[in-house]
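Throughout, read-outs are computed from the coordinates displayed, never taken from laboratory work. Small disclaimer: the values here were computed from a predicted structure and weren't measured. Heads up, the Cβs are rebuilt from the backbone with ideal geometry, glycines too, and the neighbour counts pull from every protein chain shown.
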Amino acid sequence: MPARCVDLLGREVATYKCPYRVRGVVVGETYNTFLVFARGRVVTVPKALCHFFVYGDNVLVNGMYLVGYRDKRLFDCGLR
């Protein structure tokens, strides 16, 4: 499955190679950022600057491939 076809909404992730050190659950997404619930608050993390480790799947995804609107990205993959 191509990296851009990964849906992180509701998944537990941790940042890697990123100026922001965050581990939590993705609760929202904009074109350029993920909203991650971590330590009792929502943190905005830029997609393009980070790699994301997805717990459960044990996959590391380069955030550059996730830039864009979630619905369009997943529709193009045939997931929506």
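Which ones in the range 6-19 are surrounded by 13 or more Cβ atoms within 10 Å (Cβ to Cβ) and either in contact with a Lys or Arg (Cβ under 9 Å, 6 or more places away or on another chain) or not basic (Lys, Arg) (or both)?
Val6, Asp7, Leu8, Leu9, Glu12, Val13, Ala14, Thr15, Tyr16, Cys18
Quick check on my filter: what residues within the range 4-50 are small (Gly, Ala, Ser), more than 17 Å from Leu60 (Cβ to Cβ) and out of contact with any strand residue (DSSP E or B) (no Cβ under 6 Å at 6 or more places or on another chain)?
Selection gives Gly10, Gly40.
Output the residues belonging to the range 1-41 that are more than 19 Å from Lys72 (Cβ to Cβ) and touching a Phe, Trp or Tyr at 6+ places or on another chain (Cβ under 6 Å).
Across the range 1-41, the qualifying residues are Glu12, Val13, Ala14, Tyr16, Gly24, Val25, Val27.
Name the single residue that is surrounded by the most Cβ atoms within 10 Å (Cβ to Cβ) among those in the range 28-61 being of a type in the set (Gly, Ala, Ser) and in a loop (DSSP other than H, G, I, E, B).
Ranking the qualifying residues of the range 28-61, first place goes to Ala48.
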